[in-house]
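The values are calculated or read from the model by the stated rules, or taken from the named source; none is laboratory data. Remember, it's a predicted structure, so these values are computed and weren't measured experimentally. All Cβ positions, even for glycine, are placed from backbone atoms using ideal geometry, and neighbour counts span all protein chains on display.
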Amino acid sequence: MELTLSTPALLFSAITLLMLAYTNRFLAMANLIRGLHKEYKEDSMGEEVIIGQIKNLKKRLTMIKNMQTYGVISFFLCVICMFLLYQDFDTAANWVFMASMLSLLISLGISLAEIQISNNALNIELSDIEGLLDIKTRTRFGQTYKKNNDG
C-alpha cells in the first residue's frame, strides 16, 4: 500500500477531536474532585463512598493522563510521517505511520477501560443514593404506619 501525504493528514482532525474529548474528560474529573473535596470538608457523605470514589478518581486520572500522552505521541508521529513523506523517505514514513496508528490504538484502548471505571464510579454514587432513599422511604412509611395505628 502506498502512503501519500494526505493519509496521515486525515488523522489530524481525528486526533485533534480525540484530544479535545480527553481534555473535556480531564476537566470533568477536576470538577468531580473539587466537589468531592468540598463534600468531604462538609462531611455530608459516608466514608465508604468517599474512599471508593477516591480510588476510582485516582485510577481514572492516571488513565486520562496516559490517554492524552498516547494521543499526543500519535499526533507527533503523524507530523513526522508527513515530513518523511515530503522528503521522499517512504519506508521510514510507513514505519512512523504504523507507530502513530499503534499509539492511537493504545490511547483508544485506555479510553475504553476508563469508560468502564467511570461506570463503576457512577454505580458507587447510585448505590449510595439508593441507600439514602431506602432510609427515607422506611422513615416515611414508619411514620405513616404509626399515625394510622394511633388514630
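Of all residues in the range 53-63, those that are at pLDDT 90 or above and crowded, with 18+ Cβ neighbours inside 10 Å total 1. Scan the range 88-141 for residues that are of a type in the set (S, T, Y) and more than 28 Å from L20 (Cβ to Cβ) and the total you get is 4.
Could you say whether any residue in the range 44-52 is within 14 Å of the chain's Cα centre (by Cα) and surrounded by 16 or more Cβ atoms within 10 Å (Cβ to Cβ)? Taking every residue of the range 44-52 in turn, none turns out to be within 14 Å of the chain's Cα centre (by Cα) and surrounded by 16 or more Cβ atoms within 10 Å (Cβ to Cβ).
Please find, among I73, I106, the residue that is farther than 17 Å from S13 by Cα and part of a helix (DSSP H, G or I). Before you say what the answer is, go through the steps one by one.
Numbers: I73 fails: farther than 17 Å from S13 by Cα.
It is I106.
Test Y40 against the stated conditions and say whether it is surrounded by 10 or more Cβ atoms within 10 Å (Cβ to Cβ), touching a helix residue (DSSP H, G or I) at 6+ places or on another chain (Cβ under 7 Å), on the phi < 0 side of the Ramachandran plot and at pLDDT below 80. Show your work before the answer.
Numbers: surrounded by 10 or more Cβ atoms within 10 Å (Cβ to Cβ): yes; touching a helix residue (DSSP H, G or I) at 6+ places or on another chain (Cβ under 7 Å): yes; on the phi < 0 side of the Ramachandran plot: yes; at pLDDT below 80: yes.
Criteria met by Y40.
Here I124 does not fit the description of being modelled with pLDDT of 85 or more, surrounded by 10 or more Cβ atoms within 10 Å (Cβ to Cβ) and among the β-branched types (V, I, T). Pairing residues of the range 76-87 that are within 15 Å of T16 (Cβ to Cβ) with residues that are not in a helix (DSSP H, G or I), at Cβ distances under 7 Å and at least 6 apart in sequence or on separate chains, gives M82/L5.
Is it true that some residue in the range 14-22 is aliphatic (A, V, I, L, M) and under 22 Å from W95 (Cα atoms)? Spell out how you get there, then give the answer.
The initial filter retains those residues of the range 14-22 that are aliphatic (A, V, I, L, M), namely 14-15, 17-21.
Of the ones still in play, those that are also under 22 Å from W95 (Cα atoms) are 14-15.
Yes, because at least one residue in the range 14-22 is aliphatic (A, V, I, L, M) and under 22 Å from W95 (Cα atoms).
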